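Following: one structure in structure tokens, then a few remarks.
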Amino acid sequence: MMIQKIGVAAVVLMFVSTAAHAQMISPFGKKGPKMGRADIELMDKAAEPLFEGSDFKIGTSADWSNPSSGWSGKVTTIAETKKSGLGCRTLDYGFNLPKRTDTKVYRVNWCKTKDGVWRLSP
């Protein structure tokens, strides 16, 4: 399993939830199988509890799966830090397909803004 750190622009493209863009997303590269809107929504829903509450524990994970598309994955908490006074969390997003033996994992940093919204952080 290889972990890749990706830039903010790539993450925004990966997690965009419009149907037109969601059909073009693949953690496995340009020619890889594409994720759909439902896959992204299931992944986001699985990750939501990892952002809530103050009892953050490193290593906590949430699995997600879409039987219709075959996509599945795991979101795992990696670290909790402070940047410019903001609370930040690092999460690994793992992606699997039943017909592939490899798992792609992307490490993403999020910080909670003063208005309470979690935003991507470099």
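Some points to look at:
- Exposure proxy order (Cβ contacts within 10 Å, fewest to most) of V105, V117, V75: V117, V105, V75
- The equivalent ellipsoid of region 28-122 has semi-axes of 26, 13, 12 Å, largest first, where each one is the square root of 5 times an eigenvalue of the Cα gyration tensor.
- Label-point separation in nm, S69 to T113, each point 7 Å along Cα→Cβ: 2.6 nm
- Across region 75-90, rounded Karplus estimates of 3J(HN,Hα) from the backbone phi angles (6.51 cos²θ - 1.76 cosθ + 1.60, θ = phi - 60°) give 10, 10, 6, 10, 7, 10, 9, 10, 9, 6, x, 9, x, 10, 9, 10 Hz, Gly and Pro being marked x.
- Cα point-scatterer Debye curve for region 65-113, base-10 log of I(q)/I(0) at q = 0.15, 0.28 Å⁻¹: -0.50, -0.96
- Cross-link pairs exceeding 28 Å in C-alpha to C-alpha distance, out of K45/K112; K30/K112; K57/K99; K30/K82, comprise K30/K112; K57/K99; K30/K82.
- Estimated inter-spin distance, E52 and K83, nm [label 7 Å along Cα→Cβ]: 2.5 nm
- Neighbour counting of Cβ atoms within 10 Å sorts the residues K74, K83, K112, fewest neighbours leading, into K83, K112, K74.
FYI, it's all coordinate maths here, none of it is from the lab. Bear in mind the structure is a predicted one, so any value in this text is a computation, not a measurement. Positions of Cβ are generated from backbone atoms using ideal geometry, with glycine treated the same way; all protein chains shown enter the neighbour counts.
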